[in-house]
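Remarks on the structure that follows.
Just so it is clear, none of the values below were taken in a lab; they were calculated from the coordinates. Given the structure is predicted, the values throughout are model-derived calculations rather than measurements. Don't worry about glycine lacking a Cβ; one is built from the backbone with ideal geometry, like all the others, and counts go over all protein chains shown.
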Amino acid sequence: MSRLEELKTRIKEALPGLECVIGWQKGYDLLHHTPLFMRSEADVDKLEWSPLNVHNPAVYLPPFRGKKVGVVVKGCDSRSVVELLQEKLVNRDEIVIFGLPCDGVVDLSKVKAKLATAGVTAGQVEAVSHNDKTIVVTAGGKAVSMQMTDVAADKCLRCQFPNAVLADAYVGDPIAPSAPSPAADADLTALDAMSVPERMAFWRYHMDRCIRCYACRNACPMCVCRDHCIAQSREPHWLSQDDTVTEKLMFQVVHAMHLAGRCTECGECQRACPMDIPVLALKKHLNRTIHDLFNYQAGVDPAAIPPLLQFKVEEDNIKERGW
Amino acid sequence: MAAVKYIASEKLPEWLKALASERRVLVPVEEGGGVVFRPFDPARQPVFGSDATAPPKAAVFPACQELFRYENGKDPEDAGKPTLNIIPTIEATPTVVFGAKPCGARGFLIFDRVYQGKKFPDPYYTAARDATVFITMACATVENTCFCNWVGSGPADTAGSDVLLTPIAGGYLVEAVSDKGAPFLDSPLLTDGAAKTAEAEAVRTKARESLAPAPDIADAPAALLAAFDDMDFWRDQSDKCISCGACTYLCPTCYCFTITDETAGNAGRRMRSWDACMHFQFTLEASGHNPRPTKAHRLRNRVGHKFSYYPTLHEGLIACCGCGRCVKSCPVSVDIREIVQNAVARAKA
Amino acid sequence: MTDPFNPYLPEVATILETVQETHNIKTFRVRFDDEAKMAAFKFEPGQVGQLSAPGIGESTFVINSPPSRMDYLQFSVMRAGEVTSQLHNLNAGDKIGVRAPLGNAFPYASMKGKDVVFVGGGIGMAPLRTLFLYMLDNRADYGKIRLLYGARSPLDMAFSAELPEWLSRKDIETTLTIDREADGWEHKVGLIPNVLLEMAPKADNCVAITCGPPIMIKFTLEALKKLGFQDDQIYTTLEKRMKCGIGICGRCNIGTSYVCVDGPVYTYAQLKALPNEL
């Protein structure tokens, strides 16, 4: 029995005690999967496991509090689940975590770019096939072959957690992480190389393109205050509804600050953005600052407390006394 | 007889330049991984093959616009008496939206009925609408998210356009659609196009025929109402929705807004800005009561409004142009086509 | 009258006087600064206005004075959120913005010759007041008029200054009630629906108009049904979060019905036909 079939069996066994189990199924075309909420055995039969499982199902967990749910996770998704557990936004006894070893997911914007170079559009996809090295997309009558490493999501190129860090039912043998590829942090490298005014110009350019849809906010599993967000609140009144770079940049900065030390870099914010704004870079930057200051990585240890949600009288790397 | 003209592809930049010398011209250009409308810049090549990520909605209905300024003051003759001055700001920049797909222009049909009603016509909208001309580009190819034929539209729909371009060999057929658009055909850069109409028609027919056939959704308005109280049904449709506003803000027909005041000292502005019924705060009342407390309620309203309430109030016109942006740009691929078909199937069962 | 050209512009008005009705309800009596506009202003009982607390925002309130008394327009505001809190800070002499009239009115013409029962709870007396006073000012047009007004306690009763006059009028029947006994209270004690059943108004050739907190409306409707009132004989007014007030911004709808233009006045029959989205 394949790993996927065994996983389906395990889910079917657990289903009667659960509100639902969240996974992925085929989407509206061959290049898209979409989240699946399994409530019956027929639903479970639709479960898919492939590089098209780009969504982070942990985002659906907090509203289910008080009910028992199952969730199928990639390694990066499991870190979000762990972060939610650390902050008690979900209860350990209310979630059943199913995992499979993950070979990575594609970044559809990279696939679309490759197809565009070949003169075809993803919106005319006719066939998709892949093995662990290449993916072939046939669109508009043309078969376009791509290296997986060229179209993998950046996070996969540096992934150190291909296996769920926490799971109740893990199917398959854990796989070893590969050495991180420098290409994965090309966004930070480019920004580091800019002067401060250049960086400001970069972000002002992108915020001018932003349509303030809050897809980045709502796709984030850690952002649970979305219904009461300061970006839309009059009390407290931090932001106006004006469509200006200032307001939108302020929102991004606030959001990134709220996520510092909590963000697991699942990349959903950037993936969700319909305008292709590289918002993940802001969070990655704050995370590396957190890593340098507190030697901490989010979403790895369920018993840990994020550094900005606690304090030490004497910090290891922040010397406030005896300057 | 309506004039039919032709413009060669090489002449297009010149035409755009000429248009831009008199007004703001918005054209689709590549940006990020997609296509967006930006003011014409000779250094940036417009792209007409693919549908823009965001529709040209903002040209007529900006994401934020000032309704009026207000000033608190004191009566110069009696310092004890306050004064309140309200100064409206109705402005419209003459604009040509060049190269939008027909679905992008069609959206304004849905706006017009609401914003230009008899009792309370919206002067801000009217000023912008009157000042904007749509020179749209018919589609030669379609994508798997296009469903304009479901809602009474198509790849060469002229509804909402003033001039229609059709891509043919070497250039574009240019046809006047409205009285507002006709004068644009007078440009000396355009030549007679009568001989090319058959070729253009073939392009349009091919595009129309490559769309997947439209299912019968005539029963959708009644089916959606019938499903109103079935919260299990709406839970299933909305399970994966993350309640952002991407679908709303990218939709050519979505027209909802909020009004907020921003004060600095003694003066300020009342602005209206885009709002999305997908947000929790949209219907949240001061008492704390919310008629649409969950995403299931809100998705029910969104789909209900587009495919049931609006058509019922407006002689069957569906408040959706079938452009598929919501399907393409939804982070989790919520598919409104699926939801409408599920409601229709549910009513038949 | 709201400028027909730009329906978003408020008319600048001055607050003539205020009345602190209860700890959280304040009444404002306003006149437009533009006397010509004030003289030309027309509205019908039940219609509403959007009051601007300049710099904060707008909220919708019924014009609770009747069109037969045009010394001022009266609005009663319950403090609930940002806008209403700012409105409560305003006093006589301050400026306020008014966009009115908006919404539909009570079909008072069709009520002529009929008996009328008003059932109000707390701030719900405000929408009733405009029609109630209009009918008093046109007394001969209407049959038997009864008012049942209740609140949690005497301190929660609005329009206290007017209650003695209403009680003393012989051409109407006014009943006041509070939820629990209170020192010095000379009128009824009991929940509104129960007192209504006691009063037992006859449903024949009668209309009932009721406004108040949702729980009170729910049980009052049950009582009215018990007394034989048909769905199209019962009127109420609805509230929704509103912004434009003119049927455009898309937020106050219940299915196909926009409360700011098709309401706020509805019959119970109309409400039953709408989807359950209150």
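Counting Lys and Arg as +1 and Asp and Glu as -1 over every other residue whose Cβ lies under 12 Å from the Cβ of residue C:113, the net charge comes to +1.
Let me check against my output: what whole-number percent is the relative contact order of segment A:108-151, with C-alpha pairs under 8 Å and at least 6 apart? Please report the intermediate quantities before stating the final value.
Working: 62 pairs, mean separation 14.7, N = 44.
Result for segment A:108-151 is 33 percent.
Once the Kirkwood radius over Cα pairs is known for segment A:172-220, the Stokes-Einstein relation at 25 °C and 0.890 mPa s delivers a diffusion coefficient of 174 µm²/s.
Please compute the net charge surrounding residue A:89, taking Lys and Arg as +1 and Asp and Glu as -1 over other residues with Cβ under 12 Å from its Cβ. That sum, taken over residues with Cβ under 12 Å, equals +1.
Take every pair of alpha-carbon atoms less than 8 Å apart whose residues are at least six positions apart; their mean separation over the length of chain C yields a relative contact order of 17 percent. Here segment B:118-262 is treated with +1 on each Lys and Arg Cβ and -1 on each Asp and Glu Cβ, and its dipole about the Cα centre works out to around 300 debye.
When the P(r) of segment A:129-254 is calculated, the portion above 17 Å amounts to 75% of the C-alpha pairs.
Grab the DSSP H runs of chain C that are 4 residues or longer, score each as -39,500 (n - 2.57), total them, divide by all residues and round the 222 nm result to the nearest 500 deg cm²/dmol. List each step's numbers first, then the result.
Numbers: 7 runs with 59 residues, N = 278.
Taking each H run of at least 4 residues, the total per residue is -6000 deg cm²/dmol.
Within straight-line reach of residue B:81, meaning a Cα separation under 25 Å, sit the following lysines at least 8 residues removed in sequence or on another chain: C:26, C:37, C:95.
What order do you get for B:118, C:243 when you list them from fewest to most C-beta neighbours inside 10 Å?
On the way: B:118 5, C:243 24.
In order of increasing Cβ crowding within 10 Å: B:118, C:243.
If you wrap the Cα atoms of segment A:108-151 in a convex hull and average its projected area over all directions, you get 2.6 nm².
Note down the magnitude of the dipole of segment A:181-323 about its Cα centre, charges +1 on Lys and Arg C-beta and -1 on Asp and Glu C-beta and zero elsewhere, to the nearest 20 debye. Mind showing how you got there, number by number?
Details: 16 positive and 19 negative charges, 39 e Å.
For segment A:181-323, the charge dipole is close to 180 debye.
Residue A:107: net charge of surrounding residues, Cβ under 10 Å, Lys/Arg +1, Asp/Glu -1, itself excluded? Value of the local net charge: +2.
Computed over segment C:54-197, the alpha-carbon pair-distance distribution with 10 angstrom bins reads 10, 36, 34, 18, 2, each value a whole percent. Neighbour counts of other Cβ atoms within 10 Å put C:114, A:312 in the fewest-to-most order A:312, C:114.
Among beta bridges from DSSP that stay inside chain A, the antiparallel ones total about 65%. Cβ distances below 4.7 Å define possible disulfide partners, and in chain B the cysteines left without one are B:64, B:139, B:146, B:148, B:241, B:244, B:256, B:277, B:320, B:330.
Across all Cα pairs in chain A, the calculated P(r) in 10 Å bins from zero up to the longest distance comes to 5, 23, 32, 26, 10, 2, 0, 0 percent per bin. The convex hull around the C-alpha trace of segment B:188-289, projected and averaged over every direction, spans 15.2 square nanometres.
Using only the C-alpha atoms, the convex hull of segment A:181-323 corresponds to 158 Å³ per residue. The fewest-to-most ranking of A:185, B:162 by surrounding Cβ atoms within 10 Å reads A:185, B:162.
Treating each Cα of chain B as an identical point scatterer and ignoring solvent, apply the Debye formula and state log10 I(q)/I(0) at q = 0.09, 0.15 Å⁻¹. Taking Cα atoms of chain B as identical point scatterers yields -0.56, -1.31. Computed from the Cα positions only, the extents of segment B:1-146 along the three principal axes stand at 69, 40, 35 Å, in decreasing order. Can you tell me what share of the DSSP beta bridges in the protein assembly as shown is antiparallel? A percent to the nearest 5 is fine. In the protein assembly as shown, DSSP labels about 70 percent of beta bridges as antiparallel. Converting the Cα gyration tensor eigenvalues of segment C:138-278 into ellipsoid dimensions via √(5λ) gives semi-axes, longest first, of 29, 18, 16 Å. Counting only residues at least eight positions apart within a chain, or on another chain, the aspartates and glutamates with an alpha carbon under 19 Å from that of residue A:88 are A:77, A:168, A:227, A:301. For residue C:114, a cut-off of 20 angstrom between C-alpha atoms picks up these aspartates and glutamates, skipping any fewer than 8 places away in its own chain: C:44, C:137, C:141, C:171, C:173, C:204, C:231, C:232.
Relative contact order for chain A using alpha-carbon pairs under 8 Å, separation at least 6, rounded to a whole percent?
16 percent
Computed across the protein assembly as shown, the Kirkwood radius stands at 31.1 Å (inverse of mean 1/r, all Cα pairs). Think of chain B as having a plus end and a minus end, set by charges on the Cβ of Lys, Arg, Asp and Glu; of B:345, B:218, B:151, B:345 sits farthest toward the positive end of this dipole.
So if R0 is 25 Å, what FRET efficiency would residue B:195 and residue B:45 give, r being the distance between their Cβ atoms, rounded to the nearest 0.05? Let's see the in-between values first.
Values: r = 28 Å, r/R0 = 1.13.
The pair residue B:195/residue B:45 has a calculated efficiency of 0.35.
Gyration tensor analysis over the Cα atoms of chain C returns equivalent ellipsoid semi-axes of 29, 22, 18 Å (largest first, whole Å).
Can you compute the charge dipole magnitude of the protein assembly as shown about its Cα centre, using +1 on each Lys and Arg Cβ and -1 on each Asp and Glu Cβ, nothing else charged? Give it in debye, rounded to the nearest 20.
So the dipole magnitude of the protein assembly as shown works out to roughly 560 debye.
Positive-end ranking of A:202, A:251, A:264 along the dipole of segment A:181-323, with charges on Cβ about the Cα centre, is headed by A:251. Which entries of A:68/A:312; A:68/C:240; A:284/B:240 have Cα-Cα distances beyond 29 Å here? Violating the 29 Å limit, Cα to Cα: A:68/A:312; A:68/C:240.
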